[in-house]
Structures are given as C-alpha cells and as structure tokens.
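What follows is a single structure, written as structure tokens, with notes after it.
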Amino acid sequence: MTELVTKIQEVLNEADVVLGWVHSAAAGAAVPAWFHNAVEAEAAVFDSTCVHNLAVHLPRLQDRTAGIVAKGCDIRSVVQLISEGQVRRDRVRIISVPCPGVVDVKKVWRCFGYGKKLIDAGGQVEMEGKTAPREEILLWKCRGCRDTAPLISDVVVGDPAGVAPPSPAERTGLRERFDAMTPAERRRFWQEQFSRCIRCNACREACPLCFCRDVCTMQTREPHWTGGQINAREAEMAQHIRINHLAGRCTGCEECERACPVGIPLMLLLEEQNRAVEKLFGYRAGTDPEAKPPLLVFDIDNDTWDSER
C-alpha cells in the first residue's frame, strides 16, 4: 500500500469524499476519481499523467467536507477559491503531492498512440519501446514551475523540497511571433483564433475560477452580452468576457487551453493579463488566501486597492 493511499484513507476518516486520480487502462493514463471509502482509495495513483486540476470540483462541494490530492499549482487554485469565498478552509483537506512536472497527454497520444501505458523514468518517457525526452512533452506551465512547494496543505506525501522544477522555457515560436506583432496584427490574430471557437464551453467547465456557471454572462439573457450563434463575432465576444472576468484571478493552471478541442492558445492572452496585474498591483493570484483580487476591490476614485477588504 503506497503512502498516498494511506494518507487518503486517513483523510476519509474526517472527509465525505477525496478527489484524486486512478489509472485508466483504456487511456493508458490517469483520470480523475472520487474516493468515498478506504476500499476505493486503494486504486489511487499519482504520476506524470495526473494533469487535471481537481480544484474545479470544490465549489460544488461547499456543503461537504472534501479532501483533494493536489499538485503545487492546483493548490494555488484552492487558495484563490478560499480567498473568493467559494471554498471554506475548514471544509477542505489538502493532500499535497510532490510534482516534478506533468506531461502533455494529448502530445503523448499524438506521438505514441492512444491507450498505451506510459512509463516515465530517467528523463525519458516510453511507450511500447518508443521513447521521447521528458522535457519535450511536458506541459508549458511545468517548465520553470514556481509552485513546486505547496502554499498550504493539511497532509504532505513525500518530500516537496526534494523536487526540482523542470528547466525554464518560454513558449518559443508563437510567443515570439505574438510579441513582434503590431496592435492591428494582434487584433487580426485573435479574430482568427476565436473564429475557430465552437462555443462548447469546455474552457469554462475546466476552469476552477469559472464557478458562476448558472449565471454566466457568456450565455445569459440578462444581461444579454452575447447570443447563442456559433460564429466568429459571437465566439470572440464570449471568449473576451470569460478572459476579462479572469483578470487578476487566473492561477495559470492551463486547464482551459488543455480542454479546448480546437487548440485555441488561450493562455497566451491570460498570461498577458497575469503579467500586467502582477506588475501593476504586485499581486499573483492564488498565493494568499486572505488577499482579494485587485480588480474586485479596486477603488477607481482613489486609484487604490485594499488587498484585505
């Protein structure tokens, strides 16, 4: 029995459910799972295919005590949810796991095929005799990760201090081309990108901070910001609404981009916002459960914000 299984079983003594992962033979990778008892917990795993940010489920569990197996970056989302009052700190049990970076499962499937068991060891990823350097198939957010150590936790599995982050890397190619664009070129670039949006809302459903689904202005009639048509104009408006609502709140988990079925580089725009907020306000989302996002409490008359309000 692994240490992770033991810790989950211990947390289940005081929690109604624990969110974690199990291995899927069909996918050849880990998939999210809910553990309700010690027997179910015996199937729990954590490896480099545990890409999902399970914090997305916590706002729907406000009336229950929930445990969550979380990477350092996932914990930032939990912290942000606590700061916005969507999660009660006394009703969540955080099981921190050491994470040296997770792989881009979609890229793995494109390279090796779907449903084959992945072996991640020694800096190489192997599937049925085929290998690839690990750092070439890591998610972008893992390259130079700033969140290997958990900000808050109740239970710690392994030794987070002993995990070295992958080598830093920028989104070369697209990032360089985007930075070199004029404002007019950037406008055309995003018009083309958002014209491919099929309005499936996968980005919203995967995002832990898009928790107001029942009253989401991407689809409500009051206020009627956007219609239900699937066309470039409506899709662009819907995407801008969602991205602007995440200004100063996005923790950079990249779940929106990973979930997008048409490959829109959503994090390219969200990263721009994150950098601007950090530069203007010295605020990085998901790093302080007591602080409020600047744009939620900004006083436009006095040009100030109260991080504790």
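Could you give me the percent of Cα pairs per 10 Å distance bin for segment 1-65, shortest bin first, beginning at zero and ending with the bin that holds the maximum distance?
Bin by bin from 0 Å, the calculated values are 22, 52, 25, 1.
Sorting check: for 48-57, 238-247, 202-211, 82-91, which peptide has the highest mean count of neighbouring beta carbons within 10 Å, and how do the rest follow?
Numbers: 48-57: 23.6, 238-247: 18.7, 202-211: 20.9, 82-91: 16.0.
Answer by packing, highest mean first, reads 48-57, 202-211, 238-247, 82-91.
Just flag the trypsin sites (Lys or Arg not before Pro) in segment 1-83 sitting in loop per DSSP whose Cβ has no more than 13 other Cβ atoms within 10 Å.
Counting only loop positions with at most 13 other Cβ atoms within 10 Å, the trypsin sites (Lys or Arg not before Pro) in segment 1-83 are Arg64.
Is there a quick way to get the dipole size of the chain? I mean about its Cα centre, with the Cβ of Lys and Arg at +1 and of Asp and Glu at -1; what is the value in debye to the nearest 20?
Its charge dipole is roughly 920 debye.
Tell me, in nm to one decimal, what length is gained between Arg175 and Val262 on full extension, where the rule is 0.36 nm per residue of separation less the Cα-Cα distance?
Length gained, Arg175 through Val262: 29.5 nm.
What does the convex hull of the alpha-carbon atoms of the chain project to on average, in nm²?
17.6
On a full-extension model of 0.36 nm per residue, what is the gain between Cys212 and Asn13, subtracting their alpha-carbon distance, rounded to one decimal in nm?
68.6 nm
Between Ala38 and Arg196, what is the label-to-label distance in nm when each label sits 7 Å out along the Cα-to-Cβ direction?
Each label point lies 7 Å from its Cα, and together they span 5.0 nm.
Roughly how many nanometres apart are two label points built 7 Å out from the Cα toward the Cβ at Ala25 and Lys117?
1.0
Thr6 to Arg60: FRET efficiency via 1/(1 + (r/R0)^6), r the Cβ-Cβ distance, R0 30 Å, to the nearest 0.05?
Plugging the Cβ-Cβ distance into 1/(1 + (r/R0)^6) gives 0.65.
Exceeding 32 Å between C-alpha atoms, which entries from my cross-link table qualify? They are Lys7/Lys116; Lys7/Lys106; Lys107/Lys292.
With Cα atoms farther than 32 Å apart: Lys107/Lys292.
Mind running the shape call on segment 1-141? Use the C-alpha gyration tensor, a ≥ b ≥ c as the square roots of the eigenvalues: rounded below 1.5 for a/c, prolate if a/b tops b/c, oblate otherwise.
Numbers: a/c = 2.43, a/b = 1.71, b/c = 1.42.
It comes out prolate by the Cα gyration axes.
With an 8 Å Cα cut-off and a minimum separation of 6 or more residues, compute the relative contact order for the chain in percent.
So the answer I get is 16 percent.
Bear in mind that the values in this text are calculations on the coordinates, not laboratory data. Not measured: the values here are computed from a predicted model. Note that we place each Cβ from the backbone using ideal geometry, even for glycine, and neighbour counts take in every protein chain shown.
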